[in-house]
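Note sheet for the following structure.
Laboratory data are not the source of any read-out in this text; all were calculated from the coordinates shown. Given the structure is predicted, the values throughout are model-derived calculations rather than measurements. When we count neighbours, we look across all protein chains shown, and the Cβ atoms used for this are built from the backbone with ideal geometry, even at glycine.
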Amino acid sequence: MKFFVTGGAGFIGSNFIHYLLETYSDDTVINFDALTYAGNLANVSRWEYDHRYTFVHGDICDEAKVREAMKDVDIVIHCAAESHVDRSIENPTAFVRTNVLGTNVLLNVAREYKVKRFHHVSTDEVFGALNLSDKAFNENTPYAPNSPYSASKAGSDHLVRAYGETYGLPISISHCSNNYGPMHYPEKLIPLAITNILEGKKVPVYGKGDQIRDWLYVKDHCRALDMIVRKGKGGEVYCIGGGNQPTNREIVKKILTLLGKDESMIDCVKDRAGHDFRYEIDFSKISRELGWQPLVSLEEGLEKTVSWYKENTLWWKPLKV
């Protein structure tokens with residue numbers, strides 16, 4: 001099959017391209033990426049001269065460019081998004097443009113070309129926040145986004161669903177929990193913690209670090225996306241989670257231990273505006289229907305991730321200048 005991956009030079013998109021080309025010898029990929037600050041062609045340089053891989057530099061809001069690049073593809077994997085909550089608080093308009101308007105452009109072209117599947121990679125943040133006693137998010141959880149980022153992703157989700165219902169476009173949507181792993185831009189908690197510690201700097205933690213996240217190793221996420229587009233039914237929504245519930249402070253402590261440091265490296269800073277307290281994903285549907293479950297434990301995933309950043313200083317150091 002011929003895949004069209006948006007944001008394929010970013011974190012999840014590049015890991016998905018690696019997974020796809022390593023797993024299937026007959027599939028081909030078009031990587032469509034605007035190369036914003038978080039897009040890095042070094043993430044996919046391994047495939048630069050592989051006949052199965054093509055890179056197209058383009059903005060998903062540019063309909064002419066999208067139409068030219070998407071022609072004759074079978075499956076769209078839509079990963080491209082502005083995704084950093086702090087940046088969305090500073091500049092919401094950029095998030096609405098890319099995440100909502102850009103998604104609309106992709107849907108229009110995908111409908112025109114009658115693609116076999118348009119899969120939209122969304123987030124658990126569209127569901128808002130949980131208290132300690134609340135049940136985990138699932139496919140039927142009402143939307144309650146709390147940041148401009150999650151609101152823009154919610155808007156894109158609704159557009160994708162509407163194109164499925166109104167125009168019969170074969171769509172699917174997944175809501176993932178917090179991803180981590182190789183090639184993660186070092187503004188997010190885990191790569192920031194690892195790289196700061198390697199540089200001898202303290203790790204900023206919002207408030208007391210009591211916020212709870214459900215961490216999903218990116219390779220497990222890529223495997224889930226592949227199963228959804230190959231085995232999942234059109235029109236379905238799937239939640240993808242890591243099956244763990246550490247606090248942010250606990251995550252940082254685990255990283256400090258792996259790097260032989262102690263809690264004196266933690267710097268508690270003023271909390272973020274509208275900071276969601278807890279996320280948790282119930283992934284029983286994708287497990288029951290498609291046979292997916294996370295294979296990489298948090299401990300194993302953190303070890304792999306720390307090792308990757310230790311071995312790839314030339315990748316991340318220029319990003320922190």
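When the label point is put 7 Å from the Cα of ASP267 along its Cα-to-beta-carbon vector, which residues of the stretch 239-253 have a backbone N closer than 20 Å?
So the set is 248-253.
Any idea what the relative contact order of the stretch 70-146 is, in percent, if you count C-alpha pairs under 8 Å spaced at least 6 apart? Present the calculation step by step, with values, prior to reporting the outcome.
Values: 61 pairs, mean separation 26.9, N = 77.
Reported as a whole number, the value is 35 percent.
Quick check: net charge around THR257, other residues with Cβ under 13 Å of its Cβ, Lys/Arg +1 and Asp/Glu -1? The partial results should precede the final answer.
Working: positive: ARG249, LYS253, LYS254, LYS261; negative: GLU250, ASP262, GLU263, GLU299, GLU303.
It works out to a net charge of -1.
Which of the chymotrypsin sites (Phe, Trp or Tyr not before Pro) found in the stretch 246-321 are loop residues per DSSP with 10 or fewer other Cβ atoms within 10 Å of their Cβ?
Details: sites: PHE277, TYR279, PHE283, TRP292, TRP308, TYR309, TRP315, TRP316; in loops: PHE277, TYR279, PHE283, TRP292.
When the chymotrypsin sites (Phe, Trp or Tyr not before Pro) of the stretch 246-321 are filtered for loop state and at most 10 Cβ neighbours within 10 Å, nothing remains.
Quick one: net charge around PRO148, please, counting Lys, Arg +1 and Asp, Glu -1 for every other residue with C-beta under 14 Å from its C-beta.
Working: positive: ARG87, ARG97, LYS153, ARG272; negative: GLU82, ASP86, GLU90, GLU125, ASP276.
For residues surrounding PRO148, the net value is -1.
Which length gain, in nm to one decimal place, applies between ARG46 and TRP315 when the Cα-Cα distance is subtracted from 0.36 nm times their residue separation? Each step should come with its number before you reach the end.
Numbers: separation 269, 0.36 × 269 = 96.84 nm, distance 1.37 nm.
The span from ARG46 to TRP315 would gain 95.5 nm if fully extended.
Anyone know which of LEU132, LEU225, LEU189 comes out most mobile in the 10 Å Cα GNM of the chain?
The residue that fluctuates most here is LEU132.
Does a label point 7 Å from the Cα of TYR24, set along Cα-to-beta-carbon, have any residues of the stretch 100-115 with amide nitrogen under 18 Å, and which are they?
114-115
Which residues among the stretch 25-42 fall inside the zone where the amide N is under 16 Å from a point 7 Å beyond the Cα of MET1, along Cα→Cβ?
Of the residues in the stretch 25-42, 25-31 have backbone N under 16 Å from the label point off MET1.
Can you give the relative contact order of the stretch 29-122 as a percent, counting alpha carbon pairs under 8 Å and 6+ residues apart? Write out the running numbers ahead of the final one.
Details: 105 pairs, mean separation 29.8, N = 94.
Worked out over the stretch 29-122, it gives 32 percent.
Got the relative contact order for the chain handy, in percent, Cα pairs under 8 Å and 6 or more residues apart? Numbers along the way, then the final one.
Working: 624 pairs, mean separation 55.7, N = 321.
Once normalised by length, the contact order is 17 percent.
Could I get the Rg over Rh figure for the chain? Both from C-alpha atoms, Rh via Kirkwood, rounded to two places.
Details: Rg = 18.8 Å, Rh = 19.9 Å.
Radius of gyration over Kirkwood radius for the chain works out to 0.94.
Could you name the aspartates and glutamates in cross-link range of LYS253, using Cα to Cα under 14 Å and dropping any fewer than eight places away on the same chain?
Within reach: ASP210, ASP262, GLU263, ASP267, GLU299, GLU303.
Mind telling me which of THR103, THR123, THR36 comes out most flexible in a GNM of the chain, alpha-carbon contacts under 10 Å?
Per the Cα network of the chain with a 10 Å cutoff, THR36 tops the list.
What is the stretch 243-305 by shape, rounded, prolate or oblate, if you read a ≥ b ≥ c off the alpha carbon gyration tensor as root eigenvalues and call it rounded for a/c under 1.5, prolate for a/b larger than b/c, and oblate otherwise?
Values: a/c = 4.35, a/b = 1.50, b/c = 2.90.
Because a/c hits 1.5 or more and a/b fails to exceed b/c, the stretch 243-305 counts as oblate.
Using the structure shown, list the pairs from LYS135/LYS320; LYS135/LYS202; LYS261/LYS317; LYS71/LYS285 with a Cα-Cα distance above 27 Å, or answer none. Don't skip to the end; give the middle numbers.
Numbers: LYS135/LYS320 38 Å; LYS135/LYS202 34 Å; LYS261/LYS317 20 Å; LYS71/LYS285 33 Å.
In this structure, LYS135/LYS320; LYS135/LYS202; LYS71/LYS285 lie more than 27 Å apart at Cα.
Tell me the GluC sites (Glu not before Pro) within the stretch 30-101 that lie in a loop according to DSSP and have at most 13 other beta-carbon atoms within 10 Å. Walk me through the numbers on the way to the answer.
Working: sites: GLU48, GLU63, GLU68, GLU82, GLU90; in loops: GLU48, GLU82.
Loop-located and lightly packed - GLU48.
Out of all DSSP beta bridges in the chain, what portion is antiparallel? Express it as a percent rounded to 5.
Values: 1 of 38 bridges.
Antiparallel: roughly 5 percent of the beta bridges in the chain.
Quick one: among ALA273, ALA193, ALA154, which has the greatest mean-square fluctuation in a GNM of the chain with alpha-carbon springs under 10 angstrom?
Of ALA273, ALA193, ALA154, the most mobile in the Gaussian network model is ALA273.
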